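The values are calculated or read from the model by the stated rules, or taken from the named source; none is laboratory data. These numbers were taken from a predicted model, which means no experiment stands behind them. Neighbour counts run over all protein chains shown; Cβ positions are idealised from the backbone, glycine included. What goes into the accessible areas is simple: the full protein's heavy atoms, side chains included, and nothing from ligands, DNA or RNA. Shrake-Rupley method; radii C 1.70, N 1.55, O 1.52, S 1.80 Å.
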Amino acid sequence: MTNKKVVKTTCRMCGTLCGIDAHIENNKVVHIEGNKDNILNKGRLCIKGSSAVTWLNHPDRIYKPLKKNDQGEFEEIELEQAMDEIAEKLMELQKKYAPNAIGVWKGEGIDFAQQEELARRWIHSVGSPNYFSNDTQCFASRYLSFNLVYGCWPQADYENSKMIINWGTNAPVSHSYWMQQINEGREKGATLVVIDTRYTDIARQADIYIQIKPGTDAALAWGIMREMIRRDEIDHEFIDNFTVGFEQLKAYAEQFTFEKVYEITGVQGKDITRIVDAIAKARPSVSSWAGTGLEHQTNGVNSIRAVTMIDALSGSVDRKGGMKTPKGLGMRGLTIYDEKPLLELKPVGADRYPVLYERRQECHTLMLMDQIISEKPYPIKGLVMTAANPVLTNANSNKVEEALSKLDLLVVKDLFITETGKMADYILPAASYLEREEIFSNSAKQAAFITGKYIDNGLQTEYELFKGLADRMGSGEYFQWKNDHEVNEWLLEPTGYTVADLKTNPSGFIFGEYEYEKHRVKASNGEKPFNTPSGKVELFSQYLVEKGIKGLDGIPEYHDPSYMETKNTEYPFLLITGARVQKYFHGRYRNIPQLYKSDPHGYLEMHPEDAKELGVNNNDRIKISSRVGSLETYARVMHEKEIMRGVVQHTHGYAKENINRLTYDDVTDPISGFPALKSVQIKIEKID
Ligand SMILES: Nc1nc2c(c(=O)[nH]1)N[C@H]1C(S)=C(S)[C@@H](COP(=O)(O)OP(=O)(O)OC[C@H]3O[C@@H](n4cnc5c(=O)[nH]c(N)nc54)[C@H](O)[C@@H]3O)O[C@H]1N2
Ligand SMILES: Nc1nc2c(c(=O)[nH]1)N[C@H]1C(S)=C(S)[C@@H](COP(=O)(O)OP(=O)(O)OC[C@H]3O[C@@H](n4cnc5c(=O)[nH]c(N)nc54)[C@H](O)[C@@H]3O)O[C@H]1N2
Ligand code: SF4
Ligand SMILES: [Mo]
């Protein structure tokens, strides 16, 4: 008899958290459709979500642990034996070198919810501070920027906005749920401004589209702020009562005249005027968002701080249609930093990027590579990695490969044998999102969701991995729960809700309606209105000044991107990498035949005049090189409007055309240490 069920759960093919109805027959997912009742996607699915059945049932999925033998080939072994051997080797390395000679790394495959905290908990429990993740190339830079200004991670209130400004982000492709909200706002009349070097899907829908030179957004933001101040289109009441640093901001803004901004950014004064006209009409309901276009630049943190200060000057913070400052569910945390900070063991990167470490407790993946190679200031010999594929996704792949091959022990946990997995000593098969119980939340909606173990192939979850290692390595007391479910009950305890509450609301458990203007209520109760050192929105950050490192300015100064300083005739083109494509997610899903068929290889987007000068036609084979590496790929000649002259773009995640062979890991933001993945100097040669 077939055993059939339909479960309401959450898609995890990307981070959007769409609700799905998963049809399961005999312990196998056979069909996935959108959950019409889900408060986020309301039944809609993207092509990745609907292709998940193919991915989850893929013949290449691994179900047995693999161990590399002396000939460099993988052999299947039993899970218990693999775990015993891995734990044994990790302990040996700690004994031979030092407790901090091992590290853990979680990737975007498990996002940044509770699985991340489990990784942090485990590595600290066994005495090493070295926790790494994709977040030293994603999100942490934006987190720092917003946190420095508002003391929280805000959300744009797109549905109620009167004006939406999107900087270096392309929601129709990368954030489908935000696009739905942007659409709602626009239906009600919101003006949409898009600032991007490329004429993207969202740019095509904008009321005002601004094409900008890579890495120069902060100069434009300063030009806009100067004009807002000059025309007195600012919210004096909010600025006087709820911000610090306005006088410093005003003084610094003065230099950003139309002429200067044009010279730096290529954006004309009349466009600044149009934007400020729109702000004048829309304030205080202006919401802005900055994406990886700003984050992957050397001035990333300061650019994003400057951009969000436009919303602050217009008084749009914690106001309807502006930047929301939501509250969380109030769950327990799994990290043990208070109990075991381990700072004396020198977390990798904490000295060089103290702001990143203090605010995110994030070690630096780029510095990790150098440290593995040089063994300075101390050796790192063992790494446990889950849900990450840095050979394709970290800057400077050649260096990543060199470093990972020097390790005494590399363990990779994944659903498939990835490019990084191929380098591992052990590969542990991963449970998917239909095979574990996990809590997620959407902060803009103040809603929580839970997944479940709806399929059981006996695959090890992340909890079982870390508990298994901790039990064997003598820190089992930190993993006292039997399974994910018990962890979740413990996490929820202080909220007064239970797993059952979330399970009975599978389409979204709303834990509180958003309240606007909380800062005013707090102020009248004598509390700090914002969670910053001054208790106010910080247009000037004394905290950064006290850090005293070059580039850590009190106000978010504009600095030229490095390519402007090092004019390089050998590498005349400026490469942007990693523009998202709908069907793929970083290194994932190239193994889904229906997606791969229509997009089988990487390509370099080029301006038609640049292509013409090089004698290159659409689909021609080309060789591209930067000072750190080269590869062969295909040319895609764009319409002249779609990309700036001299700028080219290549998406990451293709194994053959791995664009991170060209990205450098040593040109970074001084605050976050993020690599300039979107300003790489390259040359292009036609292959005959
Ligand atoms: N389908 C799909 N969706 C995804 C992902 C995926 O891989 N695939 N990845 C997810 C993840 S982890 C993340 S972090 C998000 C990222 O989400 P986004 O940041 O929205 O990513 P993109 O859609 O690539 O948009 C970045 C844009 O920045 C532009 N840009 C580059 N340099 C500059 C610059 O200097 N200034 C300006 N103004 N623009 C610039 C690029 O042209 C590009 O259009 O996407 C998430 N969503
Ligand atoms: N050049 C360039 N490089 C970039 C970027 C760019 O814009 N340009 N963007 C950067 C950004 S923003 C990010 S976030 C990173 C992401 O980089 P990574 O962290 O490497 O993320 P992914 O490639 O999405 O996923 C890694 C692996 O997770 C596995 N996986 C999926 N689900 C699960 C699961 O449930 N459990 C386990 N254990 N594994 C699972 C997948 O099979 C996949 O192999 O890439 C960065 N790299
Ligand atoms: S946007 Fe697509 S991949 Fe992402 S959660 Fe929704 S359906 Fe899944
Ligand atoms: Mo990301």
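Given the criteria crowded, with 21+ Cβ neighbours inside 10 Å and modelled with pLDDT under 95, does TRP167 qualify? No; evaluated as a whole, the condition is false for this residue. Cβ separations smaller than 6 Å between residues 6+ apart or across chains give the following pairs from the range 672-685 residues that are within 23 Å of ASP610 (Cα to Cα) to residues that are among the small types (Gly, Ala, Ser) and away from ligand 1 (no atom under 11 Å from the Cβ): VAL680/SER626; ILE682/SER626; LYS683/SER625. Scanning the range 552-571 for residues that are in contact (Cβ under 8 Å) with a residue 40 or more places away in the chain and open to solvent by 80 Å² or more (accessible area, probe 1.4 Å) returns a single hit, GLU570. Screening PRO379 with (1) assigned to a loop (DSSP other than H, G, I, E, B); (2) open to solvent by less than 20 Å² (accessible area, probe 1.4 Å); (3) assigned by TED's automatic domain parsing to the domain that holds LEU428 gives one miss only, at (2). Filter the range 254-280 down to residues that are open to solvent by less than 80 Å² (accessible area, probe 1.4 Å) and among the acidic types (Asp, Glu), then give me how many there are. Result for the range 254-280: 2.
Give ILE380, ILE417 a once-over and let me know the one that is farther than 30 Å from LYS8 by Cα and either free of Cβ contacts under 8 Å to residues at least 60 places away in the same chain or out of contact with any Ser or Thr (no Cβ under 6 Å at 6 or more places or on another chain) (or both).
Residue meeting the stated conditions: ILE380.
For the range 284-297, enumerate the residues that are more than 10 Å from ligand 1 (Cβ to nearest atom) and buried (at least 24 other Cβ atoms within 10 Å of the Cβ).
VAL286, SER287, SER288
Among the residues of the range 624-644, those that are open to solvent by less than 80 Å² (accessible area, probe 1.4 Å) and either more than 29 Å from the chain's Cα centre (by Cα) or hydrophobic (A, V, I, L, M, F, W, C) (or both) comprise ILE624, VAL628, LEU631, ALA635, VAL637, MET638, ILE643, MET644.
Residues checked against (1) open to solvent by 20 Å² or more (accessible area, probe 1.4 Å); (2) assigned to a loop (DSSP other than H, G, I, E, B); (3) within 30 Å of LYS340 (Cβ to Cβ):
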{"residue": "ASN457", "(1), (2), (3)": "yes, yes, no"}
{"residue": "GLU464", "(1), (2), (3)": "yes, no, yes"}
{"residue": "LYS482", "(1), (2), (3)": "yes, yes, yes"}
{"residue": "GLU493", "(1), (2), (3)": "yes, no, yes"}
{"residue": "ASP501", "(1), (2), (3)": "yes, no, no"}
{"residue": "GLU515", "(1), (2), (3)": "yes, yes, no"}
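Only a single criterion out of (1) open to solvent by less than 10 Å² (accessible area, probe 1.4 Å); (2) among the small types (Gly, Ala, Ser); (3) assigned to a loop (DSSP other than H, G, I, E, B) is not satisfied by SER598, namely (1). Each residue in the range 517-556 was checked for being at pLDDT 95 or above and either among the charged types (D, E, K, R) or assigned to a strand (DSSP E or B) (or both), and 9 of them qualify. Check the range 234-253 and report whether any residue there is assigned to a helix (DSSP H, G or I), in contact (Cβ under 8 Å) with a residue 24 or more places away in the chain, surrounded by fewer than 16 Cβ atoms within 10 Å (Cβ to Cβ) and of a type in the set (Asp, Glu). Scanning the range 234-253, I find at least one residue that is assigned to a helix (DSSP H, G or I), in contact (Cβ under 8 Å) with a residue 24 or more places away in the chain, surrounded by fewer than 16 Cβ atoms within 10 Å (Cβ to Cβ) and of a type in the set (Asp, Glu), so the answer is yes.
On the given criteria, is GLU33 more than 30 Å from SER174 (Cα to Cα) and either modelled with pLDDT of 95 or more or more than 16 Å from ligand 3 (Cβ to nearest atom) (or both)? Considered against the rule, which asks whether it is more than 30 Å from SER174 (Cα to Cα) and either modelled with pLDDT of 95 or more or more than 16 Å from ligand 3 (Cβ to nearest atom) (or both), GLU33 comes out as no.
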